[in-house]
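Report on one structure; see the data block that follows.
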Amino acid sequence: MLYFLVNNDYQYLEAERLARELRAAGMRTALIAIPHKLTSKLDPGLFESILTFRTPAHFPWRKAWLRYFGAQRRIRAQLSATDEDTLILFTEYELLNQLVAITFKERGGSAYLIEDGGVGTYIPLTLKQHEPYNWKNRLLQASMRAIPGLRRTHFTKFDGILFPMMDDRYLDGIFLYRQLAISRKVPVNIIARPTLPRVKTWTGRVVFLNQPFYSEYIQTASNYEAGLRRILSALCAGYREVLFKFHPREQSEARAQITSQILNEFPTLRVIEGNQPFEALIAELRPEAVASYNSTPLLNLAGTGVQPVFLYHLLPDLLQAPSFAAMHLLLERWGYRFATNWSEVSSGYHAGERFDNVVTAIPLSQLLERPFLGTGLMSANQTSAS
């Protein structure tokens, strides 16, 4: 059996697409949910089984640590994975995800990391060295490694943020949608993205996807406010209609403050309500372009006809940050055509023909049939004890 492990609505949407592709190829799939921002209705008709674990990540670290401490025992008791099973997880940053993957490996199964939309996957994978730890980081890492099953887990750090990473021995491979030279000792395979349908775009309409950099130590509050005003000014000047979407992580208090202090300065701007993944709204909204600093959906527009408009490079404080500098090199390598100034951020902008041309990609269903993946996958017309 092949298991998808998801934590949020975007990952579930992607798992659904991939599961349908695999089912058409005669492969069976199951689902493991460890909800963070997961509000989608899970489809029992698509997945043969659905197993849910509750994450302690929402608690302060001391309380979370106590709950993580017994998590391996609970996962081992509830998870029926064997050496005939394969796990595909979208992120290793949730510690329960790591414990599930480690359980699969302990039982002789396989575990693969698949691209989590792009930005959150690409940057940590490509950094050759992380920023130095301070004493608090070392203490946090020591306490994390004391959790049963996580003795080999370590942090990578960039832009002051810590990301927990599994030891490479627990991953059989990484599936990506774009070519990438990674700094980890794990095989990489380029797979074909389950493309979104072509959109009948509305010329002159742009959607801006906000990102909460003000709460993630990426921008100061003053730089965030000045940068957002500059972006919205350019979009309102360059497009006939501007729609604004908050990030699902943004809290209601922050949304209200941003609306009253910034968005209300732009009377023609319209806010999109709700926390649905943008990919689920694109056919309804029909924008000509989607703009953001470096939001993940900008990397997922292949085949839709909607243009991705990255804007971080026009804000000096962001371009100088290590993660954005690394992303800039990747986008250049993939052939993305940047707007050179604010006046180019307008209707008619095109990201370039090379940007979404991934000629070496193959469908996941074909890749999973290859012998190097071992016996962890069974088709629907084969018998399995799982």
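Here are a few things to note about the model shown:
- Label corresponding to Kirkwood radius over Cα pairs in Å when calculated from the structure given, among (i) 21.3; (ii) 22.1; (iii) 23.6: (ii)
- Summarising the strand pairing of the chain, around 15 percent of its internal DSSP beta bridges are antiparallel.
- Within the stretch 115-231, percent of DSSP bridges classed antiparallel, to nearest 5: 60 percent
- The mean sequence distance of close C-alpha pairs (under 8 Å, at least 6 residues apart), as a share of the length of the chain, puts its relative contact order at 18 percent.
- Note that the stretch 49-55 has calculated 3J(HN,Hα) couplings of 8, 10, 10, 10, 10, 8, 7 Hz, one per residue in order, obtained from phi through the Karplus relation 6.51 cos²θ - 1.76 cosθ + 1.60 (θ = phi - 60°); glycine and proline are x.
- Helix-only mean residue ellipticity at 222 nm for the chain, each DSSP H run of n ≥ 4 adding -39500 (n - 2.57), per residue, nearest 500: -9000 deg cm²/dmol
- Those trypsin sites (Lys or Arg not before Pro) in the stretch 35-91 that DSSP places in a loop and that have at most 13 other beta carbons within 10 Å: 41, 54
- Set 105/185; 200/245; 105/136; 63/105; 136/185 screened for pairs whose C-alpha atoms are more than 22 Å apart: 105/136; 63/105; 136/185
- Sequence ranges 200-208, 340-348, ranked by mean other-Cβ count within 10 angstrom, highest first: 200-208, 340-348
- Shape of the stretch 202-344, Cα gyration tensor, a/c cut at 1.5: rounded
- In order along the stretch 222-239, the Karplus-derived 3J(HN,Hα) couplings, from 6.51 cos²θ - 1.76 cosθ + 1.60 at θ = phi - 60°, round to 5, 5, 4, 4, 5, x, 5, 4, 5, 5, 5, 4, 5, 5, 5, 7, x, 10 Hz, and Gly and Pro are given as x.
- Taking packing as the residue-averaged number of other Cβ atoms within 10 angstrom, the listed peptides 292-301, 312-321 run from highest to lowest as 292-301, 312-321.
- Ranked by how many other beta carbons lie within 10 Å on average, peptides 146-156, 246-256 from highest: 146-156, 246-256
Read-outs throughout are calculated quantities, based only on the coordinates presented, and are distinct from any laboratory measurement. None of the values given here were measured: they were computed from a predicted structure. Cβ atoms come from the backbone with ideal geometry, glycine included; neighbour counts cover every protein chain shown.
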